[in-house]
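The values are calculated or read from the model by the stated rules, or taken from the named source; none is laboratory data. Model, not experiment: these values are computed from the prediction. Don't worry about glycine lacking a Cβ; one is built from the backbone with ideal geometry, like all the others, and counts go over all protein chains shown. To get the accessible areas, we keep the full protein, side chains included, count just its heavy atoms, and leave off ligands, DNA and RNA. Shrake-Rupley method; radii C 1.70, N 1.55, O 1.52, S 1.80 Å.
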Amino acid sequence: MIEQDVLRRFLFEDMGVRGEWVKLRDSWQAAKAHQQGPQNVMQQLGQALAAVTMLSATVKFRGSMIMQAQGDGDLKTLVAQCTHDRKIRGLVRSADRVSGSTLEQMFGHGRLVLTIEPENAEPYQGIVPLQGAGLANALETYFTQSEQLRTRLWLFANEMQAVGLLLQELPAQQSYRSDWDHIEMLANTVTEQELMTLDCGQMLHRLFHEEKVRLFDSEPVEFKCACSRERLERTLLALGRAELESILKERDVIEVGCEFCGAHYHFDKVDVEGILSQEKAANGPETRH
């Protein structure tokens, strides 16, 4: 059975290279169900989700990793997010027609921001220009400039699947330079068709059958949105009483929609007063002097 909706990590024994492989099917279908855009834009979203899933496994953290590309071209915004336990979601905003195929042609002048948001620590952020033939090239530049690690990515997406392959050097090994050149040369023969149709073990055998490769257990990947009524209550609270009351004067209900999953939340006057009163109770009674 061909593996679907899984991430696989692998390591070249006695060599200074590690890798990851991902294939998204049901999770990709669920993630794009609430997004709209031309085919070339949706392909970018699929590639971004495959990429952020693999990148989230290159670091140890609890929280989420967010990849955001923004530009002034026809493709305005692309966001892909993956949590430490491989829950993904994403969104795109673009014109009805997006011409071109390179990042510059689609996004215009823009930047790629990679953010790690740990649960109990300050976020870490890296930024690179949106340049190159595709997202794989921009992310390779990110790792070269920000992490000083040679990294290669292969990313593909169609209507059914989104797939990815990542290779990264491990400088701790004494011979990692020559190891990297050898493995990269073999990996450069991989095709989109192979990544789409083969499972991880088959692909590794096809590319590296003479190498000693350790393949780790699969990690399931699924679409899951992080939105909740509680999160939105905190967002509304940040607006303050005056702003919320002003909105409610114009309309009886505050409606908030999630851009990632399409969920709709409604807050009427009683709901808003309840949110404000909870905050007041949490802060304690006012002290008069």
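Things worth noting here:
- Failed item in (1) more than 26 Å from Phe143 (Cβ to Cβ); (2) open to solvent by 80 Å² or more (accessible area, probe 1.4 Å), with Thr197 passing the rest: (2)
- Of all residues in the range 253-289 being of a type in the set (D, E, K, R) and modelled with pLDDT under 85, the one that is nearest to Ile88 (Cα to Cα): Glu279
- Only one of the numbered conditions (1) part of a helix (DSSP H, G or I); (2) touching a Ser or Thr at 6+ places or on another chain (Cβ under 9 Å); (3) open to solvent by 10 Å² or more (accessible area, probe 1.4 Å) is violated by Leu139, and that is (3).
- Of all residues in the range 57-83, those satisfying the criterion of being touching a strand residue (DSSP E or B) at 6+ places or on another chain (Cβ under 6 Å), farther than 20 Å from Lys224 by Cα and aliphatic (A, V, I, L, M) are Ala69, Leu75.
- When residues of the range 1-54 are limited to those that are of a type in the set (Phe, Trp, Tyr) and farther than 13 Å from Gly164 by Cα, the one modelled with the highest pLDDT: Phe10
- For Val52: the one exception among (1) open to solvent by less than 10 Å² (accessible area, probe 1.4 Å); (2) under 24 Å from Glu169 (Cα atoms); (3) in a strand (DSSP E or B): (3)
- Test: Thr77 is of a type in the set (Ser, Thr, Tyr), touching a residue at least 12 places away in the same chain (Cβ under 8 Å), within 30 Å of Gln4 (Cα to Cα) and part of a strand (DSSP E or B): yes
- Residue pairs meeting the criteria (Cβ under 7 Å; at least 6 apart or on separate chains; first without any contact (Cβ under 8 Å) to a residue 24 or more places away in the chain, in the range 112-129; second in a strand (DSSP E or B) and among the hydroxyl-bearing types (Ser, Thr, Tyr)): Pro123/Thr115; Gln125/Thr115
- Residue count for the range 100-113 satisfying the condition of being open to solvent by 70 Å² or more (accessible area, probe 1.4 Å) and farther than 17 Å from Ala136 by Cβ: 1.
- Residue count for the range 150-175 satisfying the condition of being farther than 21 Å from Lys23 by Cα and open to solvent by less than 40 Å² (accessible area, probe 1.4 Å): 1.
- For the range 137-153, the condition of being within 23 Å of His34 (Cα to Cα) and in contact (Cβ under 8 Å) with a residue 60 or more places away in the chain holds for none of the residues.
- Residue in the range 72-89 that is over 10 Å from the mean Cα position of the chain (by Cα) and buried (at least 24 other Cβ atoms within 10 Å of the Cβ) present: yes
- Note on the range 55-71: residues that are buried (at least 23 other Cβ atoms within 10 Å of the Cβ) and hydroxyl-bearing (Ser, Thr, Tyr) total 1.
- Subset of the range 15-44 that is among the aliphatic types (A, V, I, L, M), assigned to a strand (DSSP E or B) and under 15 Å from the mean Cα position of the chain (by Cα) - its residue that is surrounded by the most Cβ atoms within 10 Å (Cβ to Cβ): Val22
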